[in-house]
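**Q** Got a structure for you, questions after.
The values are calculated or read from the model by the stated rules, or taken from the named source; none is laboratory data. Note that the structure is predicted; figures quoted are calculated from it, not measured. With ideal geometry, Cβ positions are generated from the backbone for all residues, glycine too; neighbour counts draw on all protein chains shown.
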Amino acid sequence: MKSETESVSTSGLESKAIEEQLERILTHQLFKSSPRCQYLLRYIIEHSLRGNPEPLKERILGIEVFARRADYDTSTDHVVRAAAAEVRKKLAQYYQEPGHEAELRIQIRTGSYTPEFKQPAEMLVQAPPEPPEELPVDVSAAPQPVPRKRRAALIGAAAVVCLLAVLLLFVSQWIHRKSSTGVQAPPQTQVERFWGPLLQAQGKIVICVAAPQTTAAGVGSQFALEHTFALAHLTGFLGQQNRDFDLRASDFTSSADLDQGPSILIGEFGEKKSWVLNSIERRRFYFGGTPGKGLVWIEDRKDPAAREWVVDNALPASSQKQDYVIVDRLADTGGGRPGLAVAGLSELGTIGGLNCLMDAKCVNMILTNAPKDWASMNIEAVLAVKTLNGNLAPQELVAADFAPPKVTISPK
């Protein structure tokens with residue numbers, strides 16, 4: 001009889017068994033409530049099952065799973081490490097629940113993004129899992145025994161940390177009580193100020209997503225996975241801001257749903273109308289042309305004869321090098337309900353525009369010539385989204401408009 005679980009490599013274990021256990025875990029409530037944990041765990045496991053010899057790196061996961069730019073700063077953006085710590089915590093909670101003792105065990109090694117697969121021990125109660133860490137650490141060297149004198153010093157330091165934790169808890173509760181009785185301070189970063197109307201509004205945010213449009217030339221289908229990652233990036237951002245949201249398909253969303261609170265409408269110019277197209281139909285920037293039949297473009301109501309922002313969506317997806325996207329943030333769509341619309345000429349533009357709004361450099365670019373009171377105004381912008389060897393490149397601002405929210409347009 002073995003005293004602990006027995007580690008098994010993917011070569012000695014049927015991939016099907018691992019895939020079945022992965023689906024079992026991902027459909028559990030612990031992971032269903034966290035899309036970013038679902039995407040990260042699935043990516044790590046599928047990378048391992050494909051037999052990739054190279055270990056996953058933080059930057060690769062940031063780019064592939066969380067749609068970060070290739071040059072993003074991993075020392076300040078901890079999205080991968082924080083999500084990995086959350087995945088480890090949820091896995092530990094899953095295997096602690098009764099009924100999972102005899103299941104194949106999936107773990108993510110601490111300090112890396114390499115999965116381990118273990119068979120349960122025979123006739124034994126499962127050993128308690130390792131406590132989850134907040135951020136993974138480098139474990140390139142084997143741990144060394146701690147001398148007694150140093151151990152005593154560490155215990156003393158731990159006591160100080162505990163006292164500080166209690167003090168921080170007290171201070172945070174005091175700040176919460178103060179903020180609940182007065183006006184809360186405005187967001188500090190430009191990204192948070194841009195999102196301010198939606199983050200501060202009452203009610204759950206409805207995220208309404210139109211199905212990606214696929215033209216006769218197949219434009220759009222090339223970017224289906226990037227579209228999923230962009231949505232994961234968005235939901236992860238809202239989760240970090242402690243905002244509740246409801247993700248819905250445009251075909252199953254009614255005007256009554258959008259009247260409940262703030263809304264985020266996502267889609268692209270296609271033959272089929274969607275809420276995102278309805279929402280910007282009478283705004284300054286809108287679409288022209290016929291999707292799937294040649295040239296399509298973004299019109300400027302102030303210069304309707306101009307044809308500067310044009311894409312030929314009859315070309316194959318591999319030939320698409322640039323797209324354009326409309327970003328439309330309404331401080332109020334009526335009744336105190338702010339809204340945001342992100343609509344590209346094709347799916348490429350939609351993905352680039354959505355990722356832009358959670359990137360400090362890109363938001364600052366939109367606000368280059370913004371008036372001082374822009375945070376309370378309606379904001380329209382047109383961005384150029386480029387591709388290089390099939391990868392999204394940084395966006396370029398081609399037009400922007402700021403106006404007081406005296407007249408707003410709700411979807412009809």
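**Q** From the list 41, 104, which one is hydrophobic (A, V, I, L, M, F, W, C), in contact with a strand residue (DSSP E or B) (Cβ under 9 Å, 6 or more places away or on another chain) and more than 28 Å from residue 351 (Cβ to Cβ)? Don't jump to the end; show me each part of the working.
**A** Numbers: 41 fails: more than 28 Å from residue 351 (Cβ to Cβ).
Just a single option satisfies the conditions, and that option is 104.
Each row is one residue, and each column tells you yes or no for (1) modelled with pLDDT of 85 or more; (2) touching a Leu at 6+ places or on another chain (Cβ under 7 Å); (3) assigned by TED's automatic domain parsing to the domain that holds residue 227; (4) surrounded by 13 or more Cβ atoms within 10 Å (Cβ to Cβ).
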position: 33; (1), (2), (3), (4): no, no, no, no
position: 63; (1), (2), (3), (4): yes, no, no, yes
position: 83; (1), (2), (3), (4): yes, yes, no, yes
position: 86; (1), (2), (3), (4): yes, no, no, yes
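**Q** Residues in the stretch 267-281: is at least one within 25 Å of residue 396 (Cα to Cα), among the acidic types (Asp, Glu), assigned to a helix (DSSP H, G or I) and modelled with pLDDT under 90?
**A** No, that holds for no residue.
**Q** Hey, among the residues in the stretch 240-282 that are within 17 Å of residue 191 (Cα to Cα) and surrounded by fewer than 17 Cβ atoms within 10 Å (Cβ to Cβ), which one's nearest to the chain's Cα centre (by Cα)?
**A** So the residue we want is 240.
**Q** Moving on. Considering every residue within the stretch 51-64, establish whether at least one is part of a helix (DSSP H, G or I), free of Cβ contacts under 8 Å to residues at least 40 places away in the same chain, closer than 15 Å to residue 232 by Cα and charged (D, E, K, R). Talk me through it step by step, then tell me what you get.
**A** Filtering the stretch 51-64 down to residues part of a helix (DSSP H, G or I) leaves 58-64.
Restricting the remaining residues to those that are free of Cβ contacts under 8 Å to residues at least 40 places away in the same chain gives 59-60, 62-63.
So of that shortlist, the ones also closer than 15 Å to residue 232 by Cα come out as 62-63.
Keeping just the survivors that are charged (D, E, K, R) gives none.
For the stretch 51-64, residues part of a helix (DSSP H, G or I), free of Cβ contacts under 8 Å to residues at least 40 places away in the same chain, closer than 15 Å to residue 232 by Cα and charged (D, E, K, R): absent.
**Q** Could you check residue 22 against (1) assigned to a loop (DSSP other than H, G, I, E, B); (2) modelled with pLDDT of 85 or more and say which number it fails?
**A** (1)
**Q** Within the stretch 275-291, how many residues are touching a Gly at 6+ places or on another chain (Cβ under 8 Å) and either closer than 12 Å to residue 346 by Cβ or not hydrophobic (A, V, I, L, M, F, W, C) (or both)? I'd like the intermediate steps shown before the answer.
**A** Within the stretch 275-291, the first condition is being touching a Gly at 6+ places or on another chain (Cβ under 8 Å), and the residues that meet it are 275-277, 279, 291.
Those still in the list that are either closer than 12 Å to residue 346 by Cβ or not hydrophobic (A, V, I, L, M, F, W, C) (or both) too: 279, 291.
The qualifying residues number 2.
**Q** Just the residues that are among the hydrophobic types (A, V, I, L, M, F, W, C) and part of a loop (DSSP other than H, G, I, E, B), please, taken from the stretch 65-86.
**A** Step one: list which residues in the stretch 65-86 are among the hydrophobic types (A, V, I, L, M, F, W, C), which gives 65-67, 70, 79-80, 82-85.
Matches in the stretch 65-86: 65, 66, 67, 70.
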